[in-house]
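**Q** Below: one structure in structure tokens.
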Amino acid sequence: VLTADAQAALTPAQVLADLKAGNERFVEGRLTPRDYIAQAEATAADGQYPKAVILGCVDSRVPPEIIFDQGIGDVFVGRVAGNVEDVNLVGSLEFATKVAGSKVVVILGHTACGAIKGAADGVELGNLTELLNDFDAPIARADEATEGEANSKNVEFLNLAIEENVRQTIADLLEQSEVISELVDNGELLVVGGIYDLATGRVNWLDS
């Protein structure tokens with residue numbers, strides 16, 4: 001498991017490279033053998049020093065620790081439908097980075113995202129209705145840039161809306177958090193976006 005010294009020695013670029021390599025191992029079926037009980041005991045005794053924090057969707061098909069081939073104590077994970085930020089998640093990301101020392105924030109979307117589909121199709125359901133309103137701006141940009149109707153049946157539109165939503169979350173995070181933007185400016189943190197392909201298992205990284 002990661003120790004405080006090992007975490008401190010890592011650069012943001014090294015951590016990102018490690019996540020990319022882990023996803024390649026996942027895609028190729030070469031997951032690292034792990035003794036999870038031993039890792040649980042070690043992190044319980046010595047504390048946690050995760051290298052990265054991943055904000056992803058609640059979708060059951062996108063388990064971050066597995067798709068990046070990480071063990072217990074390696075990464076923080078926050079999950080909400082549509083991988084969108086709010087004050088609670090931003091505060092959690094600030095803790096994970098400024099306090100706990102993580103070197104990379106990954107905003108992780110995925111193909112066929114149900115939250116984006118629902119927002120595009122005007123779904124209304126209890127508190128979900130307010131959550132889906134957060135996707136209005138990415139959906140509008142995708143609608144302007146693609147042909148056809150702006151709904152879940154238009155694959156080109158949907159894929160672009162999913163990408164735009166990841167970019168929107170990154171922009172919102174940097175705007176809302178002076179803590180995180182300062183870490184980025186100082187070269188202590190990378191904030192990156194990716195789209196997980198449900199069919200292939202591969203994360204396609206976005207240019208930031």
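**Q** Write out the trypsin sites (Lys or Arg not before Pro) in region 1-54 meeting two conditions: DSSP loop, and at most 16 other Cβ atoms within 10 Å of their Cβ.
**A** On the way: sites: LYS20, ARG25, ARG30, ARG34, LYS51; in loops: ARG30, ARG34, LYS51.
Qualifying residues, ordered by number: ARG30, ARG34.
**Q** If you don't mind, there's one more thing I want to ask. So what is the 222 nm mean residue ellipticity for the chain from helices alone, if each DSSP H run of at least 4 adds -39500 (n - 2.57) and you divide by all residues, rounding to the nearest 500 deg cm²/dmol? Please list the in-between numbers first.
**A** Numbers: 10 runs with 98 residues, N = 208.
It lands at -13500 deg cm²/dmol.
**Q** Another one. Using the heavy atoms of the protein chains alone and a 1.4 angstrom probe, what is the accessible area of the chain per residue in square angstrom? Numbers along the way, then the final one.
**A** Working: 10220 Å² over 208 residues.
Spelled out: the 1.4 Å probe surface of the chain, per residue, equals 49 Å².
**Q** Note the angle between two axes, namely the Cα long axis of helix 36-46 and the longest principal axis of the Cα atoms of the chain, as a number of degrees from 0 to 90, rounded to the nearest 10.
**A** Compared with the principal axis, the helix lies near 70 degrees.
**Q** Separate question: Roughly how tilted is helix 155-176, in degrees to the nearest 10 and between 0 and 90, from the longest Cα axis of the chain?
**A** It is inclined by approximately 60 degrees.
**Q** Provide the gained length on full extension for the span ALA112 to LEU125, in nm with one decimal, where the gain is 0.36 nm per separating residue minus the Cα-Cα distance. Can you show the working numbers first?
**A** Details: separation 13, 0.36 × 13 = 4.68 nm, distance 1.94 nm.
Gain in length upon complete extension: 2.7 nm.
**Q** If you don't mind, another one. Under a crude label model (7 Å from the Cα following the beta-carbon direction), how far is VAL27 from ASN151 in nanometres?
**A** Spacing of the two 7 Å Cα→Cβ label points: 3.4 nm.
**Q** THR3: accessible area at probe 1.4 Å, nearest 10 Å²?
**A** Accessible area, nearest 10 Å²: 70 Å².
**Q** Calculate, for ALA4 and ALA171, the FRET efficiency according to 1/(1 + (r/R0)^6) with r their C-beta to C-beta distance and R0 45 Å; round to the nearest 0.05. Don't skip to the answer; put the middle values down first.
**A** Details: r = 32 Å, r/R0 = 0.71.
Efficiency at R0 = 45 Å is approximately 0.90.
**Q** Pick the calculated Rg and Dmax of the Cα atoms in Å for this structure from [x] 16.6, 50; [y] 15.6, 55; [z] 17.4, 56?
**A** Matching entry in [x] 16.6, 50; [y] 15.6, 55; [z] 17.4, 56: [z].
**Q** Ok, one more. About its Cα centre, what dipole magnitude does region 121-168 give when the only charges are +1 on Lys and Arg Cβ and -1 on Asp and Glu Cβ, stated in debye to the nearest 20?
**A** Details: 3 positive and 12 negative charges, 26 e Å.
In total the dipole reaches around 120 debye.
**Q** Could you work out the longest stretch of the chain that avoids the GluC sites (Glu not before Pro) located in DSSP loops with at most 11 other Cβ atoms within 10 Å?
**A** Numbers: sites that count: GLU124, GLU147, GLU149.
By the stated rule (loop sites, at most 11 other Cβ atoms within 10 Å), 1-123.
**Q** Taking the Cα centre of the chain as origin, sum charge times position over the Cβ atoms of Lys and Arg (+1) and Asp and Glu (-1), and report the length of that vector in debye to the nearest 20. Could you put the intermediate results ahead of the total?
**A** Values: 14 positive and 34 negative charges, 149 e Å.
With only Lys, Arg, Asp and Glu charged at Cβ, the dipole is about 720 debye.
**Q** At each listed q (0.15, 0.17, 0.22, 0.25 Å⁻¹), what is the log10 of I(q)/I(0) that the Debye formula gives for region 71-154 modelled as equal alpha-carbon point scatterers?
**A** Log10 I(q)/I(0), no solvent term: -0.67, -0.79, -1.06, -1.23.
**Q** Something else: Identify which of VAL99, VAL192, VAL80 has the largest mean-square fluctuation in a Gaussian network model of the chain, with springs joining Cα atoms closer than 10 Å.
**A** VAL99
**Q** Tell me the angle of helix 136-145 to the major Cα principal axis of the chain, expressed in degrees between 0 and 90 and rounded to the nearest ten.
**A** 70 degrees
**Q** I've got another one for you. Can you give the percent of C-alpha pairs in region 47-86 whose distance is more than 16 Å? Working shown, then result.
**A** Numbers: 269 of 780 pairs.
The calculated P(r) of region 47-86 puts 34 percent of pairs beyond 16 Å.
**Q** With the cut-off at 16 Å, report for region 1-50 the share of all Cα pairs above it, as a whole percent.
**A** The proportion of pairs with Cα distances above 16 Å equals 55 percent.
**Q** Tally up the carbon and sulfur contribution to the accessible surface of the chain as a whole percent, 1.4 Å probe, everything protein left in place.
**A** Roughly 51 percent of what the probe reaches on the chain is carbon or sulfur.
The values are calculated or read from the model by the stated rules, or taken from the named source; none is laboratory data. Since we're looking at a predicted model, the values are computed, not measured. Glycine also receives a Cβ, built like all others from the backbone with ideal geometry; neighbour counts cover every protein chain displayed. Just so you know, the surface numbers come from the protein's heavy atoms only, side chains and all, with ligands and any DNA or RNA stripped out. Shrake-Rupley method; radii C 1.70, N 1.55, O 1.52, S 1.80 Å.
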